[in-house]
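The values are calculated or read from the model by the stated rules, or taken from the named source; none is laboratory data. Just so it is clear, the structure is predicted and the values come from calculations on it, not from any experiment. Cβ atoms come from the backbone with ideal geometry, glycine included; neighbour counts cover every protein chain shown.
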Ligand SMILES: [Zn+2]
Ligand SMILES: [Zn+2]
């Protein structure tokens, strides 16, 4: 085992497309296992596979990975590991689903049968610099507005399920171009690149392990990624470019100052997340523009 103290927390990000029989029953068993182990996070289980992100102590996450690797279905599961100082979730959810990432295609894709080429961070880094490649961000608008690859096409979609139609409407002239897709941890690209191949795109590749692995790679270190990376846990935003050339591409929705600070609206029941500098967050008590008191006066307006 490593040098890490047991009190150090870690986040595990993982997925695998592999048939899971009786996935609802497996969901229940897996929930009990997670509760006994006392890890927190969100795990989705479908007949097509498993997709999860959890946080726990060093020891808990070691046990979790070892237990998963004992299961023949998950023996080669790749875990993306990020050290953190505390839990990144408040509770544990393990839920049965139809798909482990909802895309909702009229005709589903099985990534084990049809998916784009997987490129390692190093190969992806090289491919990014080729001429005439199309780099396609497979994430949602609230994710790529805080950070994305240089020169990437960032479709203005609010949800992954809207991406196939956006691609049909906007990229149908690019079917002979080399396409490079990416997402946070790699899972969304699995079906998306399969969909693109089925639509007639000739040359489609995906970033293996997503931005997380690309950022952690000791040679690439997130180079050519601008801004920060949105994540689906309590950290919300994490650094992605570790070359020392990190930039900020987003700005405060109130004062337009450059910031990558993402805030969960503090108004009860409001699901809005918004980019806001720490000063404006404090003076507005963390409410979004829709929840802002109508008579709020600021120097900036
Ligand atoms: Zn501000
Ligand atoms: Zn709000």
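Brief remarks follow.
- The lone exception for residue 284 - which of (1) modelled with pLDDT of 95 or more; (2) more than 26 Å from residue 91 (Cα to Cα); (3) within 16 Å of ligand 2 (Cβ to nearest atom) it fails: (1)
- Test for residue 217: is it surrounded by fewer than 19 Cβ atoms within 10 Å (Cβ to Cβ) and within 16 Å of ligand 2 (Cβ to nearest atom): no
- Put simply, of 291, 276, 252 the only residue that is surrounded by 14 or more Cβ atoms within 10 Å (Cβ to Cβ), within 16 Å of ligand 2 (Cβ to nearest atom) and modelled with pLDDT under 95 is 291.
The rows are residues; the columns are (1) surrounded by 14 or more Cβ atoms within 10 Å (Cβ to Cβ); (2) outside the structural domain of residue 14 (by TED's automatic domain parsing); (3) at pLDDT below 95.
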residue: 91; (1), (2), (3): no, no, no
residue: 101; (1), (2), (3): yes, yes, no
residue: 129; (1), (2), (3): no, yes, no
residue: 133; (1), (2), (3): yes, yes, no
residue: 154; (1), (2), (3): yes, yes, no
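- Filtering 227, 210 for residues that are within 25 Å of residue 91 (Cβ to Cβ), more than 16 Å from ligand 2 (Cβ to nearest atom), modelled with pLDDT of 95 or more and under 19 Å from the mean Cα position of the chain (by Cα) leaves a single hit, 210.
- Of the residues in segment 189-204, at least one is surrounded by 16 or more Cβ atoms within 10 Å (Cβ to Cβ), at pLDDT 95 or above and farther than 22 Å from residue 100 by Cβ.
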